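Right, one structure below, let's go through it.
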Amino acid sequence: MTGPVLLTCGDPAGLGPEIAAKAWAAGERFVWIGDPAHLPGGTDWREVAEGDAPGDGALAVLRQDFAAPARPGQPVAANAAGVIATIERAVRLVTQGKASAICTAPINKKALKDGAGFAFPGHTEFLAHLAGVPRVVMMLACPGLRVVPTTIHIPLIEVPAALTEALLNETIRITHAGLIRDFGIATPRIAVAGLNPHAGEGGAMGWEEERMIRPLVARLAAEGMAISGPWPADTMFHSAARKGYDVAICAYHDQALIPIKTIDFAGGVNVTLGLPFVRTSPDHGTAYDIAGRGVADPSSLIAALRMAREMVAARAG
């Protein structure tokens, strides 16, 4: 892949424009897609054309005019369509070979639904739709840990029914292929968490492990995959345990996200595995409560931009 890393603006009412300006000031180079009127006051920017390199000096902006000004902390319904359009444009450009990767600033799904009828649970599912891919995997990564939630944005009460053998099998296989292609790990070591306390404790605390998870892990191991589990989730994430695997496959959202946000809250990166292009994102939301105050930490965005470039290099390698 050639071309710049594209950074979509995200919700202009959130901290996306602020952390983009801060990441640029910290030396990161990318092309920002958004309305320059939404950038923090005093930001030095210059307009570039599709496919242009970001260069140095002023922040490189691929201009996408929005319908309304940004109000920090207060999403504007009229701007929802603009947010969606920047994502669609980024996918078009990376698909056409005019960009090497996409990094996305945070969006607010409710704001997009209310303002433009957005019909997807989140960025990940929308990107899969735009790419024509039936299934992708969300992975959260930092230097000390990679985690994948098998079920994502659903109520906890729905997790046991949603955690099917087919879903878990597909999640593991996409993750395995993604670590090889995007991270250059020749033989990924995969640890699978149990659903229940103590990984079911032989059926005393639930049967999902014995009836579904353990047999699946055994079959995948027999195929030659370096995989183990199910492991009790409460003993998987201390420093010694993390040395034994390259990724932890978790049963549900919080089982995966609590440990990584505890280990590296500011530096975590959201990665989408299984897309035909590289996509990363900072591992936080729009943070309406601090938007526009100038206090947002760009660390996760900087980590996401750097990981995007590393993934592009791994795919090319």
Which of the aspartates and glutamates could be linked to K113 by a straight reach, that is with a Cα gap under 18 Å, when you skip same-chain ones fewer than 8 residues away? D11, E88, E125
19 Å reach of a label modelled at A226, 7 Å along Cα-to-Cβ, counting backbone N of segment 162-206: 172-193
Distance between segment 3-19 and segment 264-290 - C-alpha centres, whole angstrom: 12
Per residue value of the accessible surface for the chain (all protein chains in place, 1.4 Å probe), Å²: 41
Which label belongs to the value computed from this structure, given these candidates for Rg/Rh (Cα atoms, Kirkwood Rh): (i) 0.99; (ii) 0.93; (iii) 1.13? (i)
Which is farthest toward the positive dipole end of the chain among P69, A53, F120, measuring Cα position about the Cα centre, with Cβ charges +1 (Lys, Arg) and -1 (Asp, Glu)? A53
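Evaluate E = 1/(1 + (r/R0)^6) for E88 and A25, where r is the Cβ-Cβ distance and R0 equals 30 Å; express this FRET efficiency to the nearest 0.05.
Values: r = 28 Å, r/R0 = 0.94.
Step by step, r from the Cβ atoms, then E = 0.60.
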Shape call, segment 1-69: gyration tensor on alpha carbons, a/c limit 1.5: prolate
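For segment 86-190, what does the alpha-carbon gyration tensor say about shape, rounded, prolate or oblate, given a ≥ b ≥ c as the root eigenvalues, a/c under 1.5 as rounded, and a/b over b/c as prolate?
Details: a/c = 1.90, a/b = 1.13, b/c = 1.69.
The shape class here is oblate.
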Rounded, prolate or oblate: which one fits segment 159-317, using the alpha carbon gyration tensor with axes a ≥ b ≥ c (rounded when a/c is under 1.5, else prolate when a/b beats b/c, else oblate)? oblate
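On full extension of the chain, what length is gained from R315 through R189, given 0.36 nm per residue of separation minus the C-alpha to C-alpha distance?
The R315-R189 span can extend by a further 43.4 nm.
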Near-label residues of segment 108-144 by backbone N, under 18 Å of a point 7 Å along Cα→Cβ of A81: 111-120
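Quick check: at a probe of 1.4 Å, how many percent of the accessible area of the chain sits on carbon and sulfur atoms? Please list the in-between numbers first.
Working: 7210 of 13050 Å².
Here carbon and sulfur together make up 55 percent of the probe-accessible area.
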Whole-Å distance, taken between Cα centres, linking segment 41-74 and segment 170-204: 40
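Considering only the other residues whose Cβ falls under 9 Å of the Cβ of Q64, what net charge follows from Lys and Arg at +1 and Asp and Glu at -1?
Values: positive: R63, R89; negative: D35, D65.
Neighbourhood net charge equals 0.
Would you compute, from DSSP H runs of 4+ residues alone, the mean residue ellipticity of the chain at 222 nm, taking -39500 (n - 2.57) per run and dividing by the full residue count, rounded to the nearest 500?
Working: 10 runs with 108 residues, N = 317.
Rounded to the nearest 500, it is -10500 deg cm²/dmol.
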Quickly work out the E50-to-R71 label distance, labels modelled 7 Å from Cα along the C-beta direction, and quote it in nm with one decimal. 3.3
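The values are calculated or read from the model by the stated rules, or taken from the named source; none is laboratory data. Worth saying up front: this structure is predicted, and the values here are computed from it rather than measured. Positions of Cβ are backbone-derived with ideal geometry, glycine not excepted, and every protein chain shown enters the neighbour counts. The accessibility values were calculated without ligands, DNA or RNA, using every heavy atom of the protein model including side chains. Shrake-Rupley method; radii C 1.70, N 1.55, O 1.52, S 1.80 Å.
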